[in-house]
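Below: one structure, written as structure tokens.
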Amino acid sequence: MGSFLYEVFVKGIKKFFTDTFTQIREINEKYAVPQIKTNAWTNFALIMLRAYLVVLILLLVYKFITLLK
Amino acid sequence: MNFWANLFYKYRRGWKAFKMYLILAGPGIIVMIADNDAGGITTYAATGSKYGYHLLWFLVILGPIAYFVQEMTVRLGAVTKRGHAEAIFFAFGSFWGWFSLLDLILTDWLTLVTEFIGMTAAMSIFHIPPWVTVTVVSIVMGLMVLQGRYWTWEKIAMLFCLVNLVYIPAAFLVHPSVPDVLKNCFIPHLPPGGFTNDLFFLLMANVGTTIAPWMVFFQQSAVVDKGMQEKDIGMGKLDTAIGSLFTILIAAFVIIVTGTVLRGMNIESAAQAAIELMKTNKYLGTFLAIGLFDAGFLGAICISLASSWAFGEVFGWAHSLNKNVKEAPWFFAFYFFAILTAGIVVLIPGAPLVLITLFVQVIAVTLLPAALIFLIILLNNEESMGKYKNTLLQNIVNITIVTGIIALSTAYGVSTLFPNLFKGS
């Protein structure tokens, strides 16, 4: 019974995660290089977006810390 | 004779165009009406009860704004044949791709929980226990996708869109002052009391509920799954325009009902509004409760599909409603996983539902700017869009709209995090 459960669940779960990570690696390789031609405006927009997200994440972290206090 | 022949020719041509529209109609109307989801109805009920008809003009402005944003997804989907998630991976690489996909999954799941909260609250008014609502809704949502045809799913969804029109007869029951309504619709003005923090918060909430990140992903994927071609873009735009008209009409009627009957009350949820309306007129309360349930249901069917489509596009799984479970097992597994987990969360005693409802706003503002900026950049890519890329005028309009939406939705999200930030005036 124990070995049956091991076969079905543990190996099954292991296989699921191995397959998923393999797939994620393949996706990363497939989309490694951005295909869009960028210009100054596009680069500016993407930099602003990164800055926006960093500020938002800092605000979330600040809120989390103040909530813990 | 020539006159009659011309008239007959025009009639035939019009009838043919109408039949073509009926075939192509769907994604635009569904996404726009589903936009008035459970959270949306709550926002409109709160707006009406707080400010009466005074903010109707603001909704009239939001209609075209929603149209201009969603119209871009029609062009992008029909021309590139890619959903928004896949388009982001392809154009901007895996960093922005994973960011958008994972953020979308989280935002959608949290929003799905809020839709279940709305549906269970609405059905509780009719003394139906939450577990029955969650079970029945999950089964119906399952049956809708398991029948194996996108077309059938779409037409069933459109029937549920029709139920959303229940707010229109409800508004006639309260006998609103038509001249007052019309005046408030077309003359922009501040409500009595001027520009206050409460007003700013409600304006932000109305913007936040009109444009949500899942809408962009849903409509683009739906356009691809439906198989719309470049020649169908015109009809797709018309579909979106009609949808935006209906979404504003429905929102306006909710405001008219609550603005007439519940004026001056502090309404915090649509279910509370329905209960209060039930005290005045049982049909009125019933209409609002049915509408709230339907809003939550429409939101749930679209949001869960937006996530499944996005995941399928990126992972390369078969991801179409035209497939059966054997052909697209992961697509359907993801769909059911999202529904069941969201439904179960609502049934857990003491689950932090209020916190989840607030958290949705915050998480949504991390995704919305990215989704909209990517949309505009993709629409300017001549290589993939060809003659369908944004014109200068479209860019001016869309960039203005997107900047405004980002500013207001960010202010809304941040004010949810720090409730006292905009207080003190």
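The values are calculated or read from the model by the stated rules, or taken from the named source; none is laboratory data. What you see is a predicted model, and the numbers here were worked out from it, not measured in a lab. Cβ: placed from backbone, ideal geometry, glycine included. Neighbour counts: every protein chain shown.
Taking only pairs six or more apart or across chains, which ones have beta-carbon atoms under 8 Å, a first residue in the range B:390-419 that is more than 11 Å from chain A (Cβ to nearest Cβ) and surrounded by 13 or more Cβ atoms within 10 Å (Cβ to Cβ), and a second residue that is small (Gly, Ala, Ser) and in a helix (DSSP H, G or I)?
Within 8 Å, the pairs are B:Leu408/B:Gly208; B:Ser409/B:Gly208; B:Ser409/B:Ala364; B:Tyr412/B:Ala205; B:Tyr412/B:Gly208.
If a residue has to be of a type in the set (A, V, I, L, M) and either at pLDDT below 90 or outside any helix (DSSP H, G or I) (or both) to count, how many in the range B:192-234 make the cut? Explain how you work it out, then say what you get.
Filtering the range B:192-234 for residues of a type in the set (A, V, I, L, M) gives B:199, B:202-205, B:207, B:211-212, B:215-216, B:222-224, B:228, B:233.
Filter once more, so that each one left must be either at pLDDT below 90 or outside any helix (DSSP H, G or I) (or both): B:199, B:202-205, B:207, B:211-212, B:228.
Residues flagged as of a type in the set (A, V, I, L, M) and either at pLDDT below 90 or outside any helix (DSSP H, G or I) (or both) within the range B:192-234 amount to 9.
Specify which of the listed residues (B:Gly386, B:Gly424) is small (Gly, Ala, Ser) and at pLDDT 90 or above.
Details: B:Gly424 fails: at pLDDT 90 or above.
Answer to the selection: B:Gly386.
Look at B:Gly77 and say whether it is of a type in the set (Gly, Ala, Ser), in a helix (DSSP H, G or I), touching a residue at least 60 places away in the same chain (Cβ under 8 Å) and crowded, with 16+ Cβ neighbours inside 10 Å. Step through it out loud before you land on a result.
On the way: of a type in the set (Gly, Ala, Ser): yes; in a helix (DSSP H, G or I): yes; touching a residue at least 60 places away in the same chain (Cβ under 8 Å): yes; crowded, with 16+ Cβ neighbours inside 10 Å: yes.
So B:Gly77 passes the test.
Inside the range B:254-272, can you point out the residues that are at pLDDT 90 or above and surrounded by 24 or more Cβ atoms within 10 Å (Cβ to Cβ)?
B:Val254, B:Ile255, B:Ile256, B:Val257, B:Thr258, B:Gly259
Residue pairs, Cβ under 7 Å, 6 or more apart or interchain, first in the range A:37-57 and within 10 Å of chain B (Cβ to nearest Cβ) and under 20 Å from B:Leu378 (Cα atoms), second surrounded by fewer than 17 Cβ atoms within 10 Å (Cβ to Cβ) and of a type outside the set (A, V, I, L, M). List them.
A:Lys37/B:Glu383
Would you confirm, using the coordinates I've provided, whether B:Val163 is of a type in the set (Val, Ile, Thr), loosely packed, with under 14 Cβ neighbours inside 10 Å and assigned to a helix (DSSP H, G or I)? Write out each step before concluding.
Working: of a type in the set (Val, Ile, Thr): yes; loosely packed, with under 14 Cβ neighbours inside 10 Å: no; assigned to a helix (DSSP H, G or I): yes.
Considered against the rule, which asks whether it is of a type in the set (Val, Ile, Thr), loosely packed, with under 14 Cβ neighbours inside 10 Å and assigned to a helix (DSSP H, G or I), B:Val163 comes out as no.
Taking the stated definitions as given, is A:Lys63 out of contact with any Pro (no Cβ under 9 Å at 6 or more places or on another chain), within 7 Å of another protein chain (Cβ to nearest Cβ) and either free of Cβ contacts under 8 Å to residues at least 60 places away in the same chain or not basic (Lys, Arg) (or both)?
Yes.
Please go through the range B:284-318 and give me each residue that is touching a Gly at 6+ places or on another chain (Cβ under 8 Å) and within 14 Å of chain A (Cβ to nearest Cβ), ordered by number.
Correct list: B:Ala310, B:Glu313, B:Val314.
Assess whether B:Val113 counts as being under 23 Å from B:Gly236 (Cβ atoms) and in contact (Cβ under 8 Å) with a residue 24 or more places away in the chain.
Numbers: under 23 Å from B:Gly236 (Cβ atoms): no; in contact (Cβ under 8 Å) with a residue 24 or more places away in the chain: yes.
No, not satisfied.
Quick check on my filter: what residues within the range A:10-29 are more than 8 Å from chain B (Cβ to nearest Cβ) and surrounded by 14 or more Cβ atoms within 10 Å (Cβ to Cβ)? Explain how you work it out, then say what you get.
Filtering the range A:10-29 down to residues more than 8 Å from chain B (Cβ to nearest Cβ) leaves A:10-22, A:24-26, A:29.
Passing the criteria: only A:Ile24.
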